[in-house]
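Quick notes on the structure that follows.
The values are calculated or read from the model by the stated rules, or taken from the named source; none is laboratory data. All of these numbers come straight from a predicted model, not from anything done at the bench. We place every Cβ from the backbone using ideal geometry, glycine too, and count neighbours over all the protein chains shown.
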């Protein structure tokens with residue numbers, strides 16, 4: 001297909017979202033495409049009411065929202081309206097395609113990506129998929145047969161996708177995570193914390209992690225007594241409650257969402273995190289010792305798969321969500337007190353870091369649609 005399409009401009013739709021783990025990689029690829037093809041027109045399509053509707057415009061890209069929702073595994077009655085929303089989304093996608101006339105579509109996962117890529121495939125528009133997790137999502141496996149290329153965050157995905165279509169790229173990382181000028185001291189100053197104390201970064205993902213947040217909240221006094229500092233990203237649910245709990249603790253920086261993650265990673269000695277694909281990838285890049293708490297309701301338990309890839313190689317630790325109350329704090333304190341174990345984890349986890357995934361994906365997309 002020639003690049004000389006509508007108005008001689010390459011037009012690409014990027015679909016997906018729902019969480020930061022889908023949105024930020026999508027933005028990274030969009031920026032890489034623009035760097036390689038400055039005249040390219042890029043349009044994002046996401047789910048109305050989800051965080052992509054805020055984060056994508058902040059990054060300087062246009063986004064259209066569609067009425068779509070994912071399958072609710074914890075409250076099955078909420079799925080009654082799902083067929084209607086899916087049908088409605090296809091009409092919305094049809095209108096977006098008629099207006100924008102894309103000549104390629106790139107999907108990063110999240111439930112808003114399925115109707116967009118499926119519609120593109122019915123119109124013989126080239127589609128490309130990125131699967132960030134070690135256990136592929138259902139939507140991506142359904143779409144794989146008719147995709148041009150499937151970019152994967154990890155090795156060993158042949159059981160999910162046609163081997164001939166797989167390109168192992170790693171997961172696209174926000175450039176400011178990799179390229180920054182922070183020292184540990186200047187990074188700690190961003191959060192008004194001290195350079196002489198050990199620091200834990202706590203991340204429950206963009207939507208928060210109730211189990212992690214509750215055990216951190218219950219142990220604020222203990223952290224203070226042990227001279228341990230916290231950079232605590234709570235997520236939006238109950239953010240005010242957690243902020244109020246930590247209000248009188250000068251050793252705690254607490255916020256619902258941390259925009260300056262590059263400083264947060266540099267400031268941290270270890271990380272407590274869910275094991276979504278992007279969190280895992282960023283921790284690998286930054287080389288931080290980590291204790292992962294996989295989200296138990298993640299599709300096909302993919303967060304446990306993500307974490308175990310590292311745990312099995314002595315590159316991280318894991319605590320099951322149901323055991324957080326008893327085991328998380330002892331595991332973290334044990335790790336903080338063992339410098340040799342922390343160093344071993346740092347060395348091992350860096351072996352799983354992929355760099356320039358965004359550029360590799362962008363180049364492959366441009367190459368395929370220019371042939």
Quick check on my filter: what residues within region 95-115 are within 21 Å of residue 298 (Cα to Cα) and either within 16 Å of the chain's Cα centre (by Cα) or assigned to a loop (DSSP other than H, G, I, E, B) (or both)?
107, 108, 109, 110, 111, 112, 113
Which members of region 200-238 meet the condition of being surrounded by 21 or more Cβ atoms within 10 Å (Cβ to Cβ) and farther than 25 Å from residue 19 by Cβ?
223, 229
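Listed here are the residues, each with its yes/no results for (1) in the same structural domain as residue 139 (by TED's automatic domain parsing); (2) touching a helix residue (DSSP H, G or I) at 6+ places or on another chain (Cβ under 8 Å); (3) more than 21 Å from residue 257 (Cβ to Cβ); (4) at pLDDT 95 or above.
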position	(1), (2), (3), (4)
272	no, yes, no, yes
279	no, yes, no, no
301	no, no, yes, no
305	no, no, yes, no
Going through 28, 59 one at a time, which residue ends up being modelled with pLDDT of 90 or more, buried (at least 19 other Cβ atoms within 10 Å of the Cβ) and in contact with a helix residue (DSSP H, G or I) (Cβ under 9 Å, 6 or more places away or on another chain)?
28
Among the residues of region 62-101, count how many are within 20 Å of residue 23 (Cα to Cα) and at pLDDT 75 or above.
9
Might you check whether a residue that is buried (at least 22 other Cβ atoms within 10 Å of the Cβ), without any contact (Cβ under 8 Å) to a residue 60 or more places away in the chain and assigned to a loop (DSSP other than H, G, I, E, B) occurs anywhere in region 321-341?
no
Taking residue 120, is it at pLDDT 85 or above, part of a helix (DSSP H, G or I) and crowded, with 20+ Cβ neighbours inside 10 Å?
yes
Scan of region 308-320 for residues that are surrounded by 16 or more Cβ atoms within 10 Å (Cβ to Cβ) and outside any helix (DSSP H, G or I), ordered by number
315, 316, 317, 318, 319
